[in-house]
1. Which of the following residues is in contact with a helix residue (DSSP H, G or I) (Cβ under 8 Å, 6 or more places away or on another chain), open to solvent by less than 100 Å² (accessible area, probe 1.4 Å), of a type outside the set (S, T, N, Q) and in a helix (DSSP H, G or I): Ile101, Ile135?
2. Quick one: how many residues across the range 68-80 are in a helix (DSSP H, G or I), closer than 22 Å to Asn47 by Cα and open to solvent by less than 100 Å² (accessible area, probe 1.4 Å)?
3. Quick check on my filter: what residues within the range 78-102 are more than 30 Å from Tyr68 (Cα to Cα) and modelled with pLDDT of 85 or more?
Amino acid sequence: MNKKIGSRNFGKNVYKWKKNLIWLTFLLPTFICLLILTYIPTIKAVNYSFHDVNVIGEIQSNVGFQNYKVLLESSGFRKSILNTLILALMSLLAIPLGFVIACGANGVRNKKAQTVFRLGFYMPNIITGVSIVLIFQYILQVDNGLINLALSNILGKK
C-alpha cells in the first residue's frame, strides 16, 4: 500500500519538476545574454579599474584606488556628474509637469481652444515623422537622390 502512495507522489513530483523545467528553459536565453552582455563586462570593468591596462586590454600593474583618485580630481568628471544630476531632476519634473498641463488642456471648456492645445502638444511628434519622410524622399529619389548619385559615381554609370 505504501508503495503505491510513494509512486503516486513520485509521479507528481516528476510532473512538477518537468513543468518548472519548461518555463526555466524559456528564461535560459535571457540569463545567458545577461551574463555575457552585462555581468561579465561589468565585472571585468571593475577589475580593470583597479589596474593599469594597456590599449588591447592587458593588465600591466595593480594601481589600487589611484584611478579613482585621478577620476575624482578631474573637473570634467565633476561637471559630468553635475550635468547628469540636472538631467535626472529635469526628467523627474517633466512627468508631473506634463500631467498638469495635460489636465489643464483637458479641462478647457471651449472645444476649439482645447483642440489648439492638444495640437500644440502633439505637433512635435508630427513634425519629427514628417521631417524623416522628407529627408528619406530626398535621399531615395530615382534620378537625383543622394544614394543614387553616390552609387553612380562609385560604379561610373550615369
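The values are calculated or read from the model by the stated rules, or taken from the named source; none is laboratory data. Since this is a predicted model, take the numbers as computed values, not measurements. No Cβ is skipped: glycine too gets one built from the backbone with ideal geometry, and neighbour counts run over all protein chains shown. Just so you know, the surface numbers come from the protein's heavy atoms only, side chains and all, with ligands and any DNA or RNA stripped out. Shrake-Rupley method; radii C 1.70, N 1.55, O 1.52, S 1.80 Å.
1. None of the others qualify; the one that does is Ile101.
2. First, the residues of the range 68-80 that are in a helix (DSSP H, G or I): 68-73, 75-80.
Still in the running and closer than 22 Å to Asn47 by Cα: 68-73, 77.
Subsequent filtering for residues that are open to solvent by less than 100 Å² (accessible area, probe 1.4 Å) retains 68, 70-71, 77.
Counting residues in the range 68-80 that are in a helix (DSSP H, G or I), closer than 22 Å to Asn47 by Cα and open to solvent by less than 100 Å² (accessible area, probe 1.4 Å) gives 4.
3. Step one: of the range 78-102, the residues more than 30 Å from Tyr68 (Cα to Cα) are 93-102.
Scanning the range 78-102 gives Leu93, Ala94, Ile95, Pro96, Leu97, Phe99, Val100.
Every residue, every condition in (1) part of a loop (DSSP other than H, G, I, E, B); (2) of a type outside the set (S, T, N, Q); (3) under 24 Å from the mean Cα position of the chain (by Cα); (4) surrounded by 11 or more Cβ atoms within 10 Å (Cβ to Cβ), yes or no:
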{"residue": "Leu87", "(1), (2), (3), (4)": "no, yes, yes, no"}
{"residue": "Ile95", "(1), (2), (3), (4)": "no, yes, yes, no"}
{"residue": "Phe121", "(1), (2), (3), (4)": "no, yes, no, yes"}
{"residue": "Ile126", "(1), (2), (3), (4)": "no, yes, yes, no"}
{"residue": "Leu149", "(1), (2), (3), (4)": "no, yes, no, yes"}
{"residue": "Asn153", "(1), (2), (3), (4)": "no, no, no, no"}
